[in-house]
Amino acid sequence: MKISKMQELLNAKVLTGEENLGKHVYSAFGCDLMSDVLAYVTDQAVLLTGLVNPQVIRTALMLDMVCIVFVRSKTPDDEMIALAKEHGIVMMSTNKTLYNTCGILYSNGLVGTAEVPR
């Protein structure tokens, strides 16, 4: 799915990375625990989160993520915006909840990452 399609589906405000809205993403992971993101994301995924701190950007960088969507109208601070711009990460904010954001993207064809082993 193109990031621009995600932006349209979520009625999201683009905060950084407008030049990368044409890139494709292939999966998504919704979580506020960055340790879980590091443990369970195995492919390039979109990060959906309500957590707003620099660790979100650093986690995305470690996993080669190209897009972060902040839910519940969360907005990153200037430090986070500068870091995302420096690395070409698209950041968006939507007023939807994490659950609804995941559902909208999933129902439009964006799959989740692999299931967690039991």
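The values are calculated or read from the model by the stated rules, or taken from the named source; none is laboratory data. No experiment lies behind these values; they were computed from the predicted model shown. A quick note on method: Cβ atoms are made from the backbone with ideal geometry, for glycine too, and the neighbour counts reach across all protein chains shown. Remember, those area values only see protein heavy atoms, side chains included, never the ligands or the DNA or RNA. Shrake-Rupley method; radii C 1.70, N 1.55, O 1.52, S 1.80 Å.
What order do you get for 89-95, 61-67 when each peptide is scored by the mean count of other beta carbon atoms within 10 Å, highest first? Please report the intermediate quantities before stating the final value.
Details: 89-95: 22.0, 61-67: 17.0.
Most protected by this proxy first, the peptides run 89-95, 61-67.
Mind listing which chymotrypsin sites (Phe, Trp or Tyr not before Pro) in the range 1-102 are in a DSSP loop and have 16 or fewer other Cβ atoms within 10 Å?
Working: sites: 26, 29, 40, 70, 99; in loops: 26.
For chymotrypsin sites (Phe, Trp or Tyr not before Pro) across the range 1-102 that sit outside H, G, I, E and B with at most 16 neighbouring Cβ atoms in 10 Å, the list reads 26.
Given a cut-off of under 8 Å on Cα pairs at least six residues apart, what relative contact order in percent is computed for the chain?
Numbers: 226 pairs, mean separation 39.3, N = 118.
Relative contact order, the chain: 33 percent.
At a Cα cut-off below 18 Å, give the lysines reachable from residue 85, other chains included and same-chain residues fewer than 8 away excluded.
Counting by Cα, and skipping residues close in sequence, residue 85 has these lysines nearby: 13, 23, 74.
Can you pull the percent of the chain's accessible area that's carbon plus sulfur, 1.4 Å probe, other chains left in place? Kindly include the intermediate steps, with their values, before the conclusion.
Details: 3100 of 6190 Å².
On the chain, the fraction of accessible area on carbon and sulfur atoms equals 50 percent.
Using a probe radius of 1.4 Å on heavy atoms only, what accessible surface per residue do you get for the chain? Whole Å² is fine. Numbers along the way, then the final one.
Working: 6190 Å² over 118 residues.
Per-residue value: 52 Å².
Using DSSP, restrict attention to beta bridges with both residues in the chain and report what percent are antiparallel, rounded to the nearest 5.
Working: 4 of 16 bridges.
Here the antiparallel bridges make up roughly 25 percent for the chain.
Given a 10 angstrom Cα cut-off, can you work out which residue in 103, 17, 30 is the most mobile in a GNM of the chain?
Checking each option, the largest mean-square fluctuation is seen for 103.
From Cα pairs below 8 angstrom and at least 6 apart in sequence, can you work out the relative contact order of the range 1-44, rounded to a whole percent? Walk me through the intermediate numbers first.
On the way: 25 pairs, mean separation 17.5, N = 44.
Averaging sequence separation for qualifying contacts and normalising by length gives 40 percent for the range 1-44.
Ordered by residue, what ³J(HN,Hα) values in Hz, to whole numbers, does the range 24-32 give under the Karplus form 6.51 cos²θ - 1.76 cosθ + 1.60, where θ = phi - 60° and Gly and Pro are x?
Once rounded to whole Hz, the list reads 9, 10, 10, 7, 9, 9, x, 5, 9.
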